[in-house]
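Asks: Below: one structure in structure tokens.
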Amino acid sequence: MFKKLERTQVFKDPLYGYIQVESELILDLINTSIFQRLRRIRQLSGVHMVFHGAEHSRFSHSLGVYNVAYRFLSVPDIEQALDERKKMLFLCAALLHDIGHGAYSHAFEDVFGVNHEHIGASLILNHQELVTIFDAIDPDFKSDLSSILLKSKKFPIIEQLISSQLDVDRLDYLERDAYFTGAAYGHIDLDRLIRVLYIRNGQVVFKISGIHAIENYLISRYHMYWQVYYHPVARAYEVILEKIYRRVKDLLQMNYHFESNVLPLQKVIENPNNLEHFLEIDDYYINGLIQSFKKSKDHILSELSTDFLNRHIWGYMNQSLENKTKIDEILSAYKTEEKPYYHAFRSVENSTYKDDDVSFGEEIFILLENGEISTLKKQSAIIESLMKSGTKSDDKFFYKK
């Protein structure tokens, strides 16, 4: 059903050494314009303004997730639970899970109201380049694949492996992001986690002997969020980008005449499901657009673009009662038309682990020595203690100096 390449193709990766591609289908997907576009989207958006080594792309991350999934297929229980077609669905979902990301990823989603998982599923169903590849397999392959990205519960085991609190996506990006940022706390014992993974009653579980590797993974993830992903300088930089997007959106509604090519943005604003123009919007396009905005006659857009390109990081302070007077003074200094674009209140939160109100398949289950299934919270005093401390949040006020 699925053709193997005459000669295994390899991609040299700094984390895994050789990433092996044996399937003709996987290589065909990698060579599509849809997947190659991910080379032009940074994995960590504005984080590279703090950690200068963080220049890696969604392309390298997606290849890494495919590789982790490929290694998961060596687990006896997974090998037995998935037939050949489901194994290929798993590998394809791992490879294509991020194809719906826009430029600078989450900043784009927040302003333009798009969801990368929904965009990705729509691309799988509708983009002719992908449709041609998938329809050559069978008429239902593309719809089954899109259902995995949308977590429709049709393939519960695959969905748990692709998207949970311990999945192939996180296992790659935590290690990869730690490597490229130089962070010391992102290392994960992937070999151990693979070795203790089992399937019981359609549920992904981890043997209790590997619980220390799980604890290490969750604590590493927690530290990566607060020390890297939620670094206030990176957040301040991304706020500038959000405000540029917001100003462009507002100017379009005012029928402002742009000298730059804003048509892709305009079309996506009018219709977030406009896939043709959405695919034109990558980091290269946005960077070129912002470069041209520096000379815009609109002084707000020009100043925002200059700040973004020249790393004029905005100031920030905790959003608290003791800072209220300072915040009010800063806000009162802006002109009325500038105020919406020169400040932002932003809040982030993260917890080590959740087992309440989580989506299907996201909870981590532990396989006991007697064969019974328990929860991570019950079996790990460390995780239970960290859960009791609650969810940490950080409310910041960002402002143009």
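The values are calculated or read from the model by the stated rules, or taken from the named source; none is laboratory data. Please read all numbers here as calculations on a predicted model, not as lab measurements. Ideal geometry is used to build each Cβ from the backbone, glycine not excepted, and the neighbour counts take in all protein chains shown.
Residues checked against (1) assigned to a helix (DSSP H, G or I); (2) under 22 Å from residue 58 (Cα atoms); (3) hydroxyl-bearing (Ser, Thr, Tyr); (4) assigned by TED's automatic domain parsing to the domain that holds residue 56:
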{"site": "176", "(1), (2), (3), (4)": "yes, yes, no, yes"}
{"site": "191", "(1), (2), (3), (4)": "yes, no, no, yes"}
{"site": "194", "(1), (2), (3), (4)": "yes, no, no, yes"}
{"site": "199", "(1), (2), (3), (4)": "no, no, no, yes"}
{"site": "209", "(1), (2), (3), (4)": "yes, no, yes, yes"}
{"site": "214", "(1), (2), (3), (4)": "yes, no, no, yes"}
{"site": "221", "(1), (2), (3), (4)": "yes, yes, no, yes"}
{"site": "252", "(1), (2), (3), (4)": "yes, no, no, no"}
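Asks: Is it the case that some residue within region 163-177 is in contact with a strand residue (DSSP E or B) (Cβ under 6 Å, 6 or more places away or on another chain) and more than 21 Å from residue 273 (Cβ to Cβ)?
Replies: First pass over region 163-177, keeping only residues in contact with a strand residue (DSSP E or B) (Cβ under 6 Å, 6 or more places away or on another chain): none.
Looking for residues that are in contact with a strand residue (DSSP E or B) (Cβ under 6 Å, 6 or more places away or on another chain) and more than 21 Å from residue 273 (Cβ to Cβ), one finds none in region 163-177, hence no.
Asks: Could you list, ordered by first residue, the pairs with Cβ atoms under 7 Å in which the first is in region 282-306 and touching a residue at least 12 places away in the same chain (Cβ under 8 Å) and surrounded by 15 or more Cβ atoms within 10 Å (Cβ to Cβ) and the second is part of a helix (DSSP H, G or I) and of a type in the set (Phe, Trp, Tyr), at least 6 apart or interchain?
Replies: Once the first residue is touching a residue at least 12 places away in the same chain (Cβ under 8 Å) and surrounded by 15 or more Cβ atoms within 10 Å (Cβ to Cβ) and sits in region 282-306, its partners that are part of a helix (DSSP H, G or I) and of a type in the set (Phe, Trp, Tyr) give 290/308; 300/341; 301/293; 304/341; 305/293.
Asks: Go through (1) crowded, with 20+ Cβ neighbours inside 10 Å; (2) modelled with pLDDT of 95 or more and name the single condition residue 85 misses.
Replies: All conditions pass for residue 85, except number (1).
Asks: To continue, here is another question. Identify, please: which residue in region 384-398 is modelled with pLDDT of 95 or more and touching a helix residue (DSSP H, G or I) at 6+ places or on another chain (Cβ under 9 Å) and is, among those, surrounded by the most Cβ atoms within 10 Å (Cβ to Cβ)?
Replies: That would be 398.
Asks: Name every residue in region 209-231 that is in contact (Cβ under 8 Å) with a residue 60 or more places away in the chain, of a type in the set (A, V, I, L, M) and buried (at least 18 other Cβ atoms within 10 Å of the Cβ), in order of residue number.
Replies: Once the filter is applied, which keeps residues that are in contact (Cβ under 8 Å) with a residue 60 or more places away in the chain, of a type in the set (A, V, I, L, M) and buried (at least 18 other Cβ atoms within 10 Å of the Cβ), region 209-231 yields 211, 214, 218, 228.
Asks: Listed residues 302, 296, 320, 351; which is under 30 Å from residue 208 (Cα atoms) and not acidic (Asp, Glu)?
Replies: 351
Asks: When you scan region 274-317, how many residues do you find that are closer than 30 Å to residue 34 by Cα, out of contact with any Gly (no Cβ under 9 Å at 6 or more places or on another chain), of a type outside the set (A, V, I, L, M) and assigned to a helix (DSSP H, G or I)?
Replies: The number of residues fulfilling the criteria is 12.
Asks: Scan region 364-383 for residues that are surrounded by 12 or more Cβ atoms within 10 Å (Cβ to Cβ) and over 26 Å from residue 159 (Cβ atoms) and jot them down.
Replies: Keep residues of region 364-383 that are surrounded by 12 or more Cβ atoms within 10 Å (Cβ to Cβ), which gives 364-368, 373-380, 382-383.
Matches in region 364-383: 382 only.
Asks: State which residue pairs qualify: first residue under 20 Å from residue 59 (Cα atoms) and touching a residue at least 24 places away in the same chain (Cβ under 8 Å) and inside region 1-16, second residue loosely packed, with under 14 Cβ neighbours inside 10 Å and of a type in the set (Phe, Trp, Tyr) in any location, beta carbons under 9 Å apart, and separation of 6 or more residues or different chains.
Replies: Qualifying pairs under 9 Å: 11/18.
Asks: Moving on. Residues in region 117-128: is at least one surrounded by fewer than 23 Cβ atoms within 10 Å (Cβ to Cβ), charged (D, E, K, R) and in contact with a helix residue (DSSP H, G or I) (Cβ under 6 Å, 6 or more places away or on another chain)?
Replies: Checked against the condition, which is being surrounded by fewer than 23 Cβ atoms within 10 Å (Cβ to Cβ), charged (D, E, K, R) and in contact with a helix residue (DSSP H, G or I) (Cβ under 6 Å, 6 or more places away or on another chain), region 117-128 yields at least one hit.
Asks: Consider region 348-363. How many of its residues are loosely packed, with under 14 Cβ neighbours inside 10 Å and either among the aromatic types (Phe, Trp, Tyr) or within 30 Å of residue 331 (Cβ to Cβ) (or both)?
Replies: Within region 348-363, residues that are loosely packed, with under 14 Cβ neighbours inside 10 Å and either among the aromatic types (Phe, Trp, Tyr) or within 30 Å of residue 331 (Cβ to Cβ) (or both) number 2.
Asks: Shifting gears a bit: Residues in region 311-329: is at least one buried (at least 18 other Cβ atoms within 10 Å of the Cβ), of a type outside the set (S, T, N, Q) and in contact with a Ser or Thr (Cβ under 8 Å, 6 or more places away or on another chain)?
Replies: No - not one qualifying residue is present in region 311-329.
Asks: For region 4-26, give me each residue that is part of a helix (DSSP H, G or I) and in contact with a Leu (Cβ under 7 Å, 6 or more places away or on another chain).
Replies: Restricting attention to region 4-26, the residues satisfying the condition of being part of a helix (DSSP H, G or I) are 24-26.
Selection gives 24, 26.
Asks: Being assigned to a loop (DSSP other than H, G, I, E, B) and aliphatic (A, V, I, L, M) is the filter here, so list the residues in region 318-341 that pass it.
Replies: Of region 318-341, the ones assigned to a loop (DSSP other than H, G, I, E, B) are 319-320, 333-338.
Listed by number, the list holds a single entry, 333.
Asks: Looking only at residues that are of a type outside the set (A, V, I, L, M, F, W, C) and farther than 19 Å from residue 303 by Cβ in region 234-256, which one is farthest from the chain's Cα centre (by Cα)?
Replies: As a first pass, look at region 234-256 and keep what is of a type outside the set (A, V, I, L, M, F, W, C): 235, 237-238, 242-243, 245-247, 249-250, 253, 255-256.
Adding the requirement that they be farther than 19 Å from residue 303 by Cβ leaves 235, 253, 255.
Values: 235: 15, 253: 30, 255: 34 Å.
Out of the qualifying residues, it is 255.
Asks: Let me ask something else about it. If only one of 372, 363 is in contact (Cβ under 8 Å) with a residue 40 or more places away in the chain and among the acidic types (Asp, Glu), which one is it? Working first, answer last.
Replies: Details: 372 fails: in contact (Cβ under 8 Å) with a residue 40 or more places away in the chain.
Only one candidate passes the filter, namely 363.
Asks: For region 330-384, give me each residue that is basic (Lys, Arg) and more than 28 Å from residue 203 (Cβ to Cβ).
Replies: So in region 330-384, the residues basic (Lys, Arg) come out as 335, 339, 346, 354, 377-378.
Of everything in region 330-384, those that are basic (Lys, Arg) and more than 28 Å from residue 203 (Cβ to Cβ) turn out to be 335, 339, 346.
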